[in-house]
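The values are calculated or read from the model by the stated rules, or taken from the named source; none is laboratory data. Bear in mind that the values here come from a model prediction, so they are computed numbers and not experimental data. Note: ideal-geometry Cβ built from the backbone for every residue, glycine included; neighbour counts use all protein chains shown. What goes into the accessible areas is simple: the full protein's heavy atoms, side chains included, and nothing from ligands, DNA or RNA. Shrake-Rupley method; radii C 1.70, N 1.55, O 1.52, S 1.80 Å.
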Amino acid sequence: MCGIFGIYNHLEASNHVYLGLYALQHRGQESAGIVSSDQKRLYHYRQMGLVSEIFSRDILKRLPGNSAIGHVRYSTTGSSELKNAQPFMVDYARGMMAIAHNGNLTNASLIRSELESKGSIFQSSMDTEVIVHLIARSKQKTFLERVIEALRQTEGAYSLLFLTETEMVAARDPLGFRPLVLGSLKDSPVVASESCAFDLIGATFIREIEPGEILLINGNGIKSFKPFPRKQPHQCIFEFIYFARPDSFLFNHNVYEIRKSFGVQLSEESPVRADMVVPIPDSGFPATLGYAARSRLPLELGLIRNHYVGRTFIEPEQRIRHFGVKIKLNPVKELLSGKKVAIVDDSIVRATTSRKIVKMLRHAGAKEVHVRISSPPIIDPCYFGIDTPKKSELIASAHPIEVIRQFIHATSLNYLSLEGLKKCVRGEEENFCYACFTGEYPYRFTAEY
Ligand code: AMP
């Protein structure tokens with residue numbers, strides 16, 4: 001996962017990237033960085049932590065120029081440390097370049113070993129760095145041609161932004177796993193992982209960058225290239241389920257509406273006899289609205305969230321995560337006591353969260369706790385940029401639903417069916433990747449973790 005944002009030809013480039021990253025903070029909270037260009041050279045700042053903690057006015061002043069790209073990181077490959085923070089910047093034989101990547105390459109280790117055997121020295125453990133080496137080694141004449149040659153050799157998921165002294169390049173892999181959208185702020189092109197970043201800076205949404213499309217943005221305007229053979233898109237359905245912000249438009253839909261439709265569909269498949277429906281804040285909210293409306297049950301905010309705590313799952317250590325649910329959510333006892341409660345969440349991964357929430361609700365006096373999940377069971381890891389754990393840690397990979405129900409102490413447990421999920425994107429269902437629910441990956445590769 002990760003979020004990227006870039007702006008070309010604007011007097012306040014790095015300030016806008018800062019705001020863009022702020023809006024994309026949900027896509028990664030480990031580190032953030034900005035690289036700017038004043039047409040002569042690139043300037044770089046990256047740090048561990050949240051966007052608001054990292055960038056002060058003084059630091060933004062040290063990022064001059066009229067073009068900039070930025071990145072917020074949630075590590076999928078490469079450990080959580082500063083050397084792996086992005087954008088990644090290098091000074092090579094042909095000048096300077098910076099790269100910001102969202103996604104995961106599935107052949108990075110292979111390329112890296114080959115490059116290392118030829119003498120390349122890597123500075124980080126990120127898959128992204130292989131792209132930089134491939135570009136630096138390319139004999140092609142223009143930066144764009146070098147990028148294309150490098151990307152031809154890579155396999156996997158990438159939504160990318162590159163910045164050189166004079167150009168910005170945006171690219172989305174041929175299967176289009178991760179989103180990437182194009183907008184404009186007056187006459188300045190902007191590119192972001194999600195459209196919610198445009199809203200904050202007052203930019204206009206133009207369109208999504210298409211799978212396999214590369215945009216060259218320079219003094220001559222924006223030029224689109226489609227240098228790769230056309231493939232069936234495999235956009236990540238999990239962006240809809242959990243990851244993207246509900247106010248974003250991506251993969252041809254508003255995320256809120258599609259998420260709500262998952263809840264409606266879930267209610268049709270798995271109705272419940274309950275006194276109320278309670279959302280799991282915040283990610284379960286839109287689906288719960290759909291579920292409650294379709295079920296004609298009252299919607300109650302039975303769990304109150306402390307907004308000053310980040311997304312608990314983000315904390316890489318198990319120990320912190322266990323603590324996390326309690327620190328984040330507290331039940332409204334007076335509302336729940338003696339009641340039959342249905343709760344809706346977007347997904348179960350390890351089942352740590354739902355187990356703790358059910359326990360919390362029972363402690364608060366709920367007589368029955370029915371759990372409804374607005375996605376199918378996750379049975380296989382994602383190799384394309386969503387941080388799902390190893391197969392062995394995915395509870396649904398080895399256990400039937402009834403065993404999971406017992407584990408979380410729920411009165412009943414139902415997931416949205418895969419068919420139901422596809423129904424919500426009817427007509428476009430072929431354009432999505434469902435590998436985490438089916439184990440059917442879009443192509444063969446050697447799993448790298
Ligand atoms: P778990 O406790 O492991 O079952 O995690 C499930 C919870 O984590 C759900 O409430 C989801 O909203 C959230 N979640 C699901 N997938 C992810 C992910 N890849 N990263 C962060 N949180 C997630």
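Could you grab the relative contact order for the chain? Cα pairs under 8 Å, six or more apart, rounded to a whole percent.
13 percent
Going through the cross-link list LYS141/LYS223; LYS328/LYS390; LYS333/LYS359, which pairs have a Cα-Cα distance over 21 Å in this structure?
Check vs 21 Å cut-off fails for LYS328/LYS390.
Would the chain count as rounded, prolate or oblate if I go by the C-alpha gyration tensor, calling it rounded below 1.5 in a/c and otherwise prolate when a/b exceeds b/c, oblate otherwise?
Because a/c hits 1.5 or more and a/b exceeds b/c, the chain counts as prolate.
According to the square roots a ≥ b ≥ c of the eigenvalues of the Cα gyration tensor, what is the shape class of region 3-231, taking rounded for a/c under 1.5, prolate for a/b larger than b/c otherwise, and oblate for the remainder?
In terms of gyration-tensor shape, rounded.
Evaluate the distance, in nm, between pseudo-label points positioned 7 Å from the Cα of THR446 and of SER184 along their respective Cα→Cβ axes.
Each label point is offset 7 Å from its Cα along the Cβ direction, giving 4.7 nm.
Compute the accessible area per residue over region 3-231, keeping the other protein chains in place, probe 1.4 Å, unit Å².
38 Å²
For THR388, list long-range residues whose amide hydrogen, built 1.01 Å from N in the peptide plane, is under 5 Å from its own amide hydrogen.
Result for THR388 returns CYS382.
Highest first, please rank the peptides 103-111, 238-246 by the mean number of other Cβ atoms sitting within 10 Å of their residues.
Packing order, densest peptide first, comes out as 238-246, 103-111.
To the nearest 10 degrees, how steep is helix 352-363 against the longest Cα principal axis of the chain, on a 0 to 90 scale?
So the helix axis and the longest Cα principal axis differ by about 30 degrees.
Cα centroids of region 333-351 and region 111-130: how far apart, whole angstrom?
That distance is 47 Å.
Any lysines with Cα under 28 Å of the LYS61 Cα? List them, leaving off those in the same chain fewer than 8 positions away.
Partners within reach: LYS40, LYS83, LYS186.
By average Cβ neighbour count within 10 Å, what is the ranking of 396-402, 383-389, 325-331 from highest down?
Peptide ranking by packing, descending: 383-389, 325-331, 396-402.
Short version: ³J(HN,Hα) in whole Hz for each residue of region 10-26, in order, from phi by Karplus 6.51 cos²θ - 1.76 cosθ + 1.60 (θ = phi - 60°), x for Gly and Pro, what are they?
Once θ is set to phi - 60°, the couplings for region 10-26 become 9, 4, 10, 4, 5, 4, 6, 5, 4, 5, x, 5, 4, 6, 9, 4, 4 Hz.
What lysines sit close enough to LYS391 to cross-link, taking a C-alpha to C-alpha distance under 22 Å and skipping anything fewer than 8 places away on the same chain?
LYS356
What list of ³J(HN,Hα) values in whole Hz, one per residue of region 134-143 in order, does the Karplus curve 6.51 cos²θ - 1.76 cosθ + 1.60 (θ = phi - 60°) give from phi, with Gly and Pro shown as x?
Once rounded to whole Hz, the list reads 5, 5, 4, 7, 5, 9, 4, 6, 9, 4.
Taking Cα pairs under 8 Å and at least six residues apart, what relative contact order does region 45-162 come out at, in percent?
In percent, rounded to a whole number, it is 27.
Work out from phi, with θ = phi - 60° and the Karplus expression 6.51 cos²θ - 1.76 cosθ + 1.60, the ³J(HN,Hα) of each residue of region 292-301, listed in order in whole Hz, and give x for Gly and Pro.
After applying 6.51 cos²θ - 1.76 cosθ + 1.60, I find 5, 4, 5, 7, 6, 10, x, 9, 10, 8 Hz.
Give the angle, between 0 and 90 degrees and rounded to the nearest 10, that separates the Cα long axis of helix 318-328 from the longest principal axis of the Cα atoms of the chain.
The angle comes out near 60 degrees.
Mean residue ellipticity at 222 nm from the helices of the chain, using -39,500 (n - 2.57) per DSSP H segment of n ≥ 4 over the full residue count, to the nearest 500 deg cm²/dmol?
So the helix-based figure for the chain works out to -8000 deg cm²/dmol.
What do you get for the angle between helix 255-269 and the principal long axis of the chain? Use alpha-carbon atoms, 0 to 90 degrees, nearest ten.
30 degrees
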